[in-house]
Protein chains: 4
Amino acid sequence: MSASAHAPKAAPELIEEVVAGNRILFQQNIVDAFGHLSVRHDQDPSKYIMARHLAPGLVTAEDLVTFDLDSNPVGDTSQRYYSERFIHGEIYKARPEVVAVVHCHAPELIPFGVTKAPLRPVYHMSGFLGAGVARFEIRDTGGMTDMLVRTPALGHALAQSLGDKPMVLMRGHGATMVGATIKQVVYRAIYAARNAGLQMEALRLGDVTYLESEEAAKAAATNDKAMERAWGLWESEAMGTR
Amino acid sequence: MSASAHAPKAAPELIEEVVAGNRILFQQNIVDAFGHLSVRHDQDPSKYIMARHLAPGLVTAEDLVTFDLDSNPVGDTSQRYYSERFIHGEIYKARPEVVAVVHCHAPELIPFGVTKAPLRPVYHMSGFLGAGVARFEIRDTGGMTDMLVRTPALGHALAQSLGDKPMVLMRGHGATMVGATIKQVVYRAIYAARNAGLQMEALRLGDVTYLESEEAAKAAATNDKAMERAWGLWESEAMGTR
Amino acid sequence: MSASAHAPKAAPELIEEVVAGNRILFQQNIVDAFGHLSVRHDQDPSKYIMARHLAPGLVTAEDLVTFDLDSNPVGDTSQRYYSERFIHGEIYKARPEVVAVVHCHAPELIPFGVTKAPLRPVYHMSGFLGAGVARFEIRDTGGMTDMLVRTPALGHALAQSLGDKPMVLMRGHGATMVGATIKQVVYRAIYAARNAGLQMEALRLGDVTYLESEEAAKAAATNDKAMERAWGLWESEAMGTR
Amino acid sequence: MSASAHAPKAAPELIEEVVAGNRILFQQNIVDAFGHLSVRHDQDPSKYIMARHLAPGLVTAEDLVTFDLDSNPVGDTSQRYYSERFIHGEIYKARPEVVAVVHCHAPELIPFGVTKAPLRPVYHMSGFLGAGVARFEIRDTGGMTDMLVRTPALGHALAQSLGDKPMVLMRGHGATMVGATIKQVVYRAIYAARNAGLQMEALRLGDVTYLESEEAAKAAATNDKAMERAWGLWESEAMGTR
């Protein structure tokens, strides 16, 4: 990539939303020092924006970098970047309608990734899970790895596993969610984790009645219209303005 | 509803209590960005007061709206309202003695709503559960829905399911509690959730001795006289005055 | 009791310790709005000191009241007192060596109180549990009650159940611990609850190796000499001086 | 040890790191009032640095003491020291490559120490567990003790049990981790505990797919290069600079 390449300038509100999203994911215990949030560039769909190699809870606007879909940084290449940025680039390639991606190790999701228990919607807040949750076994493509999606090939394999689903569980690693907006993907990450926690508790009590797929789809559509209410609260908590 | 309709003016202490109740429910993890608290109007029993479409943790006196029992806003109708306000209006219609209603998705309650495990009082703090916990299956009335009680008919069906009980578990959704005062309903929401968490743990250890109904009824009567002590603490925590 | 009775004046450091103990129990999630801590009067072993009817997290020196061992307030009798103060008075009567008492509804302890699972020391921090944990069934004495130890007779029955043990689990209610100092009883309340939580988790994993009684006794003796270290931390957290 | 002995002066950055490490372990719930972190002296490998008898969350640079490998304080001997400092000294003797040691009672680790359930890596973050987790039964060497490693002989036995592993579970007590740096040992303590919590949840859901040892080893090598990211976040949280 030429050092003279220039990244197009994203809308200030988008930048603000990426920063807030990073902070929210940390404040809501979806990411710890690890994990990342990206958004497709609003001026150029063949680019995406994500922080440099930094804990999400510490990200500011100055830490954001533009990448092409091969996950090369555009312009300044002097910093360290997330080694797993290929998760993002390869999903944006495979899923043109996806605008935002979260990769995380949310504690409630790990147990579902390392067992055969299917993650299913126990309540309306996580209706989007009704569309199905994909699984990614890195051994199938990578054999014995350090578990990280650190190459375009592994990113491509992950995107293939994800298919047309909203989310993929990564065995022994974490999960990746996609959305049509930053707000949607953050919402999905938070409520996927909450659903996982609730489902584990419910399974302890006996047979669980999950949402039917029609209920789940309708609930998901409704939630998409109510997300602003949650975002407002989360942002105020994460940015310390409440 | 006529735009010239005017809502009667509620006592300032009542307004203050609704605001504090919203904040307490959030601070005690009974509601997150979703859920609501209402109170029957102190000047007109055919009205109730509840926040506009807003996360309970952010509610101030300015956000409170008066509704008639058909859940139409009285006076100003320019804002967005909770789509599930019919829960409140229809319960106030069906239960003249009810003065306050909480609807929530408290995490500890969800597992009991999606399984057949009965929620029963494990200790005196939740003695009110001894009067019985109703269940609401929205499919019975609504078929395949988005799970929300978004019509007068669904609100009516929920009120029918609630019957004369203090609380109803809503499958795949959450729970609704009623009370004779704001303090009582907030207390019930908090201790219903705590009881659920404790009951899940106790069931793990073996056969559980629950309160007998007479014990439960007596404990509930006692708690009603000790609520102020809890409210004082919760308010100081939620309003940041402690 | 004569209104002209005067309570002897306790040492300022004792008063300070009672206040700190109340705050610590709240900060460490052993008590919520309910529960209480008392200490035998340092000037008169036939008296004890405890807060008036108030959430422990809000207690200040001004809220402390002196009681005789029949649990009557000495001097000023104009306030509201804990209805369960007989727990304290009757234990001080039955156990002359006891200097401090905690009554609480710590969440981790409730499940052990309502099942037959024995609470046993899983690690050295809770070695004092090796001396045995008593159980109190209020039905044996009181029949169908509101579960509260609200009379001298019930207090006496509880003290009988406690016997010579450091702690008694109260079915459907909570637990009461005793100690030779405020620091010891606060330590016991905190680590009894922690042990209960750990034991529940351990039981899930298979057969548990508990401390042998000799190990437990030796560990308890050691802990008694290391409590200051914990108290210093807890106090700094609870009083906001850290 | 001669009172005129002088401890060599450690690099200021090392001192700063020991203090930060203590605070991080407390802030991340790995230690409470008990537990300790030590580092081998950077100027003299036959010495190590650790706090005096103090809760880790309260440690400052002024509280650090230099010990020889027999765990005698060098220079000033007027203070109280951790009775279990032999854990550290004896491990430094037995493992010349070890530079830092953590001893803790992290709640998630206790259940694994008192049962036969093997602690194994469920995800890449805890890949270092793939090298194996040792177990220490104090009864084998000490018979009926107070569970504390309070003598050189017990410290030696613990070091023998640890062998060449990164971590040892101590039955009825806690765990001890070793590392090549302070950052590594703190990372290991935190992710050992998190892994334990996740593994307990996963076991509830059915058969668990753990990392293969090759995956675990590769993940561990990768994590060693990403630790700074976590340390930066933890430090900012623990030192209140975030």
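The values are calculated or read from the model by the stated rules, or taken from the named source; none is laboratory data. As the structure is a prediction and not an experimental result, all values here were calculated from the model. As a convention, Cβ positions derive from the backbone with ideal geometry for all residues, glycine included, and neighbour counts pool all protein chains shown. In case anyone asks, the SASA skips ligands and DNA or RNA and just uses the protein heavy atoms, side chains included. Shrake-Rupley method; radii C 1.70, N 1.55, O 1.52, S 1.80 Å.
Per-residue mean of foreign Cβ neighbours for D:109-119 is 6 (Cβ atoms of other chains, 10 Å radius).
Please report, as a whole percent, how much of the solvent-accessible surface of the protein assembly as shown comes from carbon and sulfur atoms (probe radius 1.4 Å). In the protein assembly as shown, the share of accessible area belonging to carbon and sulfur is 50 percent. Shielding value for B:204-212 is 6, the average number of Cβ atoms from other chains within 10 Å of each residue's Cβ. Computed with a 1.4 angstrom probe on protein heavy atoms, the C-B interface buries about 2900 square angstrom of accessible area in total. Label-point spacing at B:Glu13 relative to the other copies reads 4.5, 4.5, 6.4 nm, in ascending order, each point sitting 7 Å out from Cα along Cα→Cβ.
Computed from Cα atoms, the angle from the helix B:12-27 axis to the main principal axis of chain B rounds to 50 degrees. Among the lysines of chain D, pairs that are 8 or more positions apart or on different chains and have alpha carbons within less than 17 Å of each other number 5.
Using a cutoff of 8 angstrom between alpha carbon atoms and counting only pairs six or more residues apart, the relative contact order for segment B:154-242 works out to 18 percent.
Extending 7 Å from Cα along the Cβ direction at B:Glu97 and again at B:Thr181 yields two label points whose distance is 1.6 nm.
Between this copy and the others, label points of B:His53 are 4.5, 4.5, 6.3 nm apart in ascending order, each placed 7 angstrom from Cα in the Cβ direction. Taking all protein chains into account, the per residue accessible area for segment A:135-205 stands at 28 Å² (1.4 Å probe).
Each Cα pair under 8 Å and six or more residues apart adds its sequence gap; the mean of these over the residue count of chain B is a relative contact order of 23 percent. The alpha carbon convex hull volume per residue for segment D:180-226 rounds to 73 Å³. Computed from label points 7 Å out along Cα-Cβ, the spacing between D:Ser78 and D:Lys225 is 5.0 nm. Per the rotation superposing chains B and D, the chain B residue found at the smallest beta carbon distance from the axis is B:Arg204, 5, distance in Å. Under a 5 Å amide H cut-off, with hydrogens placed 1.01 Å from N, A:Ala100 pairs with A:Arg40, A:Gly179, A:Thr181 among residues at least 5 apart or on other chains. Peptides C:122-128, C:168-174, ordered by how many other C-beta atoms sit within 10 Å of their residues on average, highest first, read C:122-128, C:168-174. Annotation for A:Ala153, label-to-label distances across the other copies: 5.9, 5.9, 8.3 nm (shortest first, one decimal, point 7 Å from Cα along Cα→Cβ). For C:Tyr81, the residues whose amide H sits under 5 Å from its own are C:His53, ignoring neighbours fewer than 5 places away on the same chain, with H placed 1.01 Å from N.
Taking a point 7 Å out from the Cα of B:Asn29 in the direction of its Cβ, the residues of segment B:170-210 whose backbone N falls within less than 15 Å of it are B:190-201. Taken along the Cα-to-beta-carbon direction at a fixed 7 Å, the label points for C:Ser46 and C:Met144 span 4.1 nm.
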